[in-house]
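What follows is a single structure, written as structure tokens, with notes after it.
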There are 4 protein chains.
Amino acid sequence: MELSKFKHKCQVQVRTFDIDSQGIVHNSVYLKYLEIGRVEFRKSFGYKIRPDGTFNDGLRFVVVHNSIDYRSFAVLDDVLNIYTRVSWVKNSSFCFEQIIENDVTKKIICEGIGILVNLDKFKNEPSALDKKFLDELLQYDKEVAIIRD
Amino acid sequence: MELSKFKHKCQVQVRTFDIDSQGIVHNSVYLKYLEIGRVEFRKSFGYKIRPDGTFNDGLRFVVVHNSIDYRSFAVLDDVLNIYTRVSWVKNSSFCFEQIIENDVTKKIICEGIGILVNLDKFKNEPSALDKKFLDELLQYDKEVAIIRD
Amino acid sequence: MELSKFKHKCQVQVRTFDIDSQGIVHNSVYLKYLEIGRVEFRKSFGYKIRPDGTFNDGLRFVVVHNSIDYRSFAVLDDVLNIYTRVSWVKNSSFCFEQIIENDVTKKIICEGIGILVNLDKFKNEPSALDKKFLDELLQYDKEVAIIRD
Amino acid sequence: MELSKFKHKCQVQVRTFDIDSQGIVHNSVYLKYLEIGRVEFRKSFGYKIRPDGTFNDGLRFVVVHNSIDYRSFAVLDDVLNIYTRVSWVKNSSFCFEQIIENDVTKKIICEGIGILVNLDKFKNEPSALDKKFLDELLQYDKEVAIIRD
């Protein structure tokens with residue numbers, strides 16, 4: 001992943017309860033950091049999550065794939081930059097690419113991929129992402145790949 | 001607790017993974033928020049925690065008591081103010097008083113008490129808090145009660 | 001608290017992600033262990049929690065107070081016994097007393113108190129606990145104190 | 001992944017604090033469940049993790065890659081079977097394959113891959129896995145692929 005492609009950035013600070021007995025951030029905690037980036041990314045478009053976990057435009061995302069490549073360690077008090085972009089959109093799913101770097105040393109801590117699916121509100125079945133979703137993403141970032149079958 | 005007595009404040013934002021199935025911050029998560037306040041409080045004196053969990057002035061604290069009174073709910077995206085002070089210091093232990101309020105509505109979310117003990121680095125036994133610790137606290141806040149047997 | 005008073009026991013094993021940089025269970029994790037005990041206690045009466053966080057008899061509990069006295073450390077792989085009882089019931093609230101002990105050494109790890117309130121399903125206001133709730137508790141444990149104003 | 005290839009199984013029960021506002025297990029929690037499987041797998045060979053996070057045979061593993069494919073939802077109180085095997089071993093790294101299934105319905109909940117590296121105790125550099133490690137794995141499961149450059 002190339003950092004220059006990312007337009008959205010937010011920050012998180014490593015806390016005591018994120019650290020394991022090896023003195024480093026526990027591997028599962030990065031999925032929390034990545035989720036912060038994903039939620040803030042979508043909030044930057046003006047949307048927010050309602051108490052039932054759906055977005056206020058009616059979209060309801062569930063994660064169907066996550067992968068993380070851990071490049072380096074993060075330790076207590078580190079300020080981490082979370083870079084987030086959408087790399088592709090299919091009919092009912094889309095893909096986040098993310099990079100976490102140390103804000104001071106600029107060392108890459110990890111790279112993450114997340115694929116989310118939009119689910120129908122009433123049935124637990126994939127539901128097509130609407131044109132508004134696509135248009136907003138493309139207007140924000142022309143590099144988003146629109147993949148149609 | 002009176003908010004006017006508190007001089008240290010830091011902030012935290014409620015994240016998706018802090019929320020339970022009732023749509024509110026899970027009761028255990030507040031102990032994490034309170035710990036953020038406690039660590040930031042001590043960092044404001046110039047100290048920091050080393051990879052093994054001890055502070056860089058050699059003090060090693062463990063929590064021997066926690067209590068929380070939950071006054072109201074916090075929900076996703078809420079920005080919370082964490083107010084922290086030390087109310088008393090004994091020979092080897094001291095007490096944090098803390099208030100968490102909603103930054104926008106100023107509603108009190110919860111009040112917390114934490115008692116910590118300084119442990120000897122080599123034996124797991126209480127160890128007297130040194131004069132420097134006391135002096136720094138008193139210089140910062142004259143209201144700290146020094147309790148001697 | 002006297003261990004002999006407790007009739008409900010369940011177990012939990014300490015996992016890697018429960019451990020902090022000091023090599024011991026993080027102080028906030030015990031609230032999770034105590035919640036396991038509380039949920040299992042109520043499940044032993046035949047109830048279960050629905051996806052929205054309410055119980056299937058319509059009761060909806062929120063925690064209004066938690067306190068823990070930490071007596072000793074728990075470390076990785078420890079099997080812990082969680083003892084749970086209800087000590088008193090008021091009009092719309094009730095109190096859990098709990099003890100966590102090491103299953104092998106029988107050392108007391110911590111003692112916890114939790115006060116829960118039954119909330120109205122539609123309004124966020126305290127709602128009286130019904131006779132069935134009281135009767136079931138008293139039939140299970142005659143020591144439960146019923147406190148009426 | 002074929003379930004028939006897996007010889008190691010352990011169980012976990014979904015708890016209230018594992019559930020998010022959508023009423024399902026939060027996507028990050030599965031990395032905790034997978035870690036339980038990985039630790040129990042190695043414990044089945046007679047090893048255990050010391051307070052500093054290293055194993056008692058001197059090996060010190062860090063996770064360099066994790067990926068999860070989420071196939072279905074897990075909800076509160078579900079008992080989950082965690083199946084764990086090592087699929088390959090290279091000079092200083094090895095790969096876990098894992099499947100989590102619902103114990104009652106036998107539905108596959110997710111499949112996970114984890115690549116771990118053995119680090120030198122003193123330097124944070126990859127260190128060759130010894131013959132004992134390889135022999136034990138192969139004796140347990142002839143299907144483990146030994147990959148040599």
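Each residue in region C:5-40 was checked for being of a type in the set (Ser, Thr, Tyr) and within 23 Å of C:Ile115 (Cβ to Cβ), and 3 pass.
Residue count for region D:1-24, restricted to those that are touching a residue at least 40 places away in the same chain (Cβ under 8 Å) and farther than 28 Å from B:Val75 by Cα: 10.
D:Gln98 falls short on exactly one of the conditions (1) away from every other protein chain (no Cβ under 13 Å); (2) in contact with a Leu (Cβ under 8 Å, 6 or more places away or on another chain); (3) farther than 26 Å from C:Val79 by Cα, and that condition is (3).
Determine, yes or no, whether C:Val86 is of a type outside the set (Phe, Trp, Tyr), over 25 Å from B:Val117 (Cα atoms), more than 10 Å from chain B (Cβ to nearest Cβ) and buried (at least 19 other Cβ atoms within 10 Å of the Cβ).
yes
Which ones in region D:19-37 are part of a helix (DSSP H, G or I) and in contact with a Leu (Cβ under 8 Å, 6 or more places away or on another chain)?
D:Leu31, D:Tyr33
Looking only at region D:72-121, which residues are under 30 Å from D:Lys132 (Cα atoms) and among the small types (Gly, Ala, Ser)? Hits for region D:72-121 are D:Ser87, D:Ser92, D:Ser93, D:Gly112, D:Gly114.
For region C:39-94, the set of residues classified as under 13 Å from C:Leu137 (Cβ atoms) and basic (Lys, Arg) consists of C:Arg42, C:Arg85, C:Lys90, listed by residue number.
Only one of the numbered conditions (1) more than 19 Å from B:Asn66 (Cβ to Cβ); (2) touching a helix residue (DSSP H, G or I) at 6+ places or on another chain (Cβ under 8 Å); (3) modelled with pLDDT of 95 or more is violated by C:Asp57, and that is (3). Please verify whether A:Lys9 is closer than 20 Å to B:Gln11 by Cβ, within 13 Å of chain D (Cβ to nearest Cβ) and either among the β-branched types (Val, Ile, Thr) or out of contact with any Pro (no Cβ under 9 Å at 6 or more places or on another chain) (or both), treating the condition exactly as stated. No; evaluated as a whole, the condition is false for this residue.
For region A:23-53, taking the residues that are at the interface with chain D (Cβ under 8 Å from one of its Cβ atoms) and more than 23 Å from A:Asn81 (Cβ to Cβ), the one that is surrounded by the most Cβ atoms within 10 Å (Cβ to Cβ) is identified as A:Gly53. Filtered by the rule that a residue be assigned to a loop (DSSP other than H, G, I, E, B) and either modelled with pLDDT of 95 or more or among the charged types (D, E, K, R) (or both), region C:1-18 gives C:Glu2, C:Phe6, C:Lys7, C:Val14, C:Arg15.
Scanning region C:38-77 for residues that are part of a strand (DSSP E or B) and over 26 Å from B:Phe61 (Cβ atoms) yields C:Ile49, C:Phe55, C:Phe61, C:Val62, C:Val64.
In the set (1) part of a loop (DSSP other than H, G, I, E, B); (2) touching a residue at least 24 places away in the same chain (Cβ under 8 Å), A:Thr105 fails one condition alone, (2). Condition check: farther than 20 Å from A:Leu76 by Cα, in contact (Cβ under 8 Å) with a residue 24 or more places away in the chain and either within 14 Å of chain C (Cβ to nearest Cβ) or of a type in the set (D, E, K, R) (or both). Does B:Ser92 satisfy that? Considered against the rule, which asks whether it is farther than 20 Å from A:Leu76 by Cα, in contact (Cβ under 8 Å) with a residue 24 or more places away in the chain and either within 14 Å of chain C (Cβ to nearest Cβ) or of a type in the set (D, E, K, R) (or both), B:Ser92 comes out as no. Scanning region A:59-81 for residues that are among the acidic types (Asp, Glu) and at the interface with chain D (Cβ under 8 Å from one of its Cβ atoms) gives a single hit, A:Asp69. C:Cys110 meets each of the listed conditions (1) surrounded by fewer than 14 Cβ atoms within 10 Å (Cβ to Cβ); (2) under 30 Å from D:Lys48 (Cβ atoms) apart from (1). If the condition is being of a type outside the set (Asp, Glu) and within 9 Å of chain A (Cβ to nearest Cβ), then region D:12-22 contributes D:Ser21, D:Gln22. Within region C:68-84, residues that are on the phi > 0 side of the Ramachandran plot reach partners that are of a type outside the set (D, E, K, R) with beta carbons closer than 7 Å, at six or more positions or on different chains, in the pairs C:Asp77/C:Gln13; C:Asp77/C:Val14.
The values are calculated or read from the model by the stated rules, or taken from the named source; none is laboratory data. Predicted model only: the values in this text are computed from it and were never measured. Methodologically, a virtual Cβ is constructed for each residue, glycine included, from the backbone with ideal geometry; neighbour enumeration extends over all protein chains shown.
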